[in-house]
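*Asks:* Okay, here's the structure, questions in a sec.
Any read-out appearing in this document is the output of simple, stated calculations on the displayed coordinates, not a laboratory observation. A quick note: this is a predicted structure, and the numbers were derived from the prediction, not measured. A quick note on method: Cβ atoms are made from the backbone with ideal geometry, for glycine too, and the neighbour counts reach across all protein chains shown.
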Amino acid sequence: MASIRLPKRLFDLAGALAGLIAFSPAMAVIAGAILLEDGWPVLFRQERLGRRRRPFTILKFRSMRDGRITRVGRMLRATGLDELPQFINILRGDMSAVGPRPLTESDVTRLGWMAPRYDFRWRVLPGLTGLAQVTEARSGRLSLGLDRRYVARQSLSLDLRLVAVSFAINALGKKRVRRLLVRLRRARRRGVAEGSAAPALRHRASRDRGARW
């Protein structure tokens, strides 16, 4: 894990700077839309737990007012654009581009993840995106399993794939991209199943030809 920390940090810095530059026009438009709809504040700030469970303040575009999702907020949540200010969190070193979902202390208490056996999750920085985020894992058990898989298998190639999926979500919307991913997984499973069945079919055909002779 230590061997990937420096390359991952360099990847995070380059990606966050590029993201801020590329998305700065969109961020300006979003900020203006929020102001026009219901005024200040533009950003939502909340304390989350980072690496080694140290608290930090996460930044998002505000998507709610008085407990209700705003019209702009609905669009932001559907595309994940509400999370663009987290590029600043990445530059600060609070977060990584890819990692487990950043949780509040109350989330951790509610899920029962206070015990030391869950510390693996906080050995890495929380991520703007990650396995649990792109799959929108809803159960704590599934989310924890995906976090465990990421921590065990983390690599720059995996990070690049997850970032690519996240950009697709920003461009096309969460539902459309996830439907596409489900179709790809089903197609892959069918391909594996057909591939494993092929030797048996060839053997059966050969046996039938032998029986006819």
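*Asks:* Under the rule of -39500 (n - 2.57) per DSSP H run of 4 or more residues, summed and divided by the residues of the chain, what mean residue ellipticity at 222 nm is obtained, to the nearest 500 deg cm²/dmol?
*Replies:* About -21000 deg cm²/dmol.
*Asks:* Still on this structure, please answer the following. If the elastic network links every pair of Cα atoms under 10 Å, which of TRP122, TRP113, TRP40 fluctuates the most in the Gaussian network model of the chain?
*Replies:* Judging by the Gaussian network model, the answer is TRP40.
*Asks:* Using a 10 angstrom cutoff on alpha carbons, build the Gaussian network for the chain and name the most mobile of ALA164, ALA115, ALA152.
*Replies:* Comparing ALA164, ALA115, ALA152 in a Gaussian network model of the chain, the most mobile one is ALA115.
*Asks:* Please identify, among LEU76, LEU111, LEU131, the residue showing maximal mean-square fluctuation in a Gaussian network model of the chain using a 10 angstrom Cα cutoff.
*Replies:* Looking only at LEU76, LEU111, LEU131, the largest GNM fluctuation is found for LEU111.
*Asks:* For the range 26-67 and the range 130-160, what is the centre-to-centre distance using only Cα atoms, to the nearest Å?
*Replies:* Using only Cα atoms to place each centre, the spacing works out to 24 Å.
*Asks:* At a Förster distance of 41 Å, what's the computed FRET efficiency of SER3 paired with SER139, Cβ-Cβ distance as r, to 0.05?
*Replies:* Given R0 = 41 Å and the Cβ-Cβ separation, E is 0.80.
*Asks:* Trypsin sites (Lys or Arg not before Pro), restricted to the range 44-125: which are DSSP loop and have at most 13 other Cβ atoms within 10 Å?
*Replies:* ARG123
*Asks:* OK, next. Relative contact order of the range 2-172, please, whole-number percent, based on alpha carbon pairs below 8 angstrom and at least 6 residues apart.
*Replies:* Worked out over the range 2-172, it gives 22 percent.
*Asks:* Note the direction-averaged projected area, equal to a quarter of the hull surface, for the Cα convex hull of the range 29-117, in nm².
*Replies:* Here the figure is 6.7 nm², rounded to one decimal.
*Asks:* A further question on this structure: Taking the C-alpha atoms of the range 2-172, how large are the radius of gyration and the largest Cα-Cα span, Dmax, in Å?
*Replies:* 15.9, 47
*Asks:* Applying 1/(1 + (r/R0)^6) with R0 = 30 Å to the Cβ-Cβ distance of ALA164 and ARG190, what FRET efficiency is obtained, to the nearest 0.05?
*Replies:* The value I calculate is 0.80.
*Asks:* Kirkwood hydrodynamic radius (Cα pairs, Å) of the range 68-144?
*Replies:* Answer for the range 68-144: a Kirkwood hydrodynamic radius of 13.7 Å.
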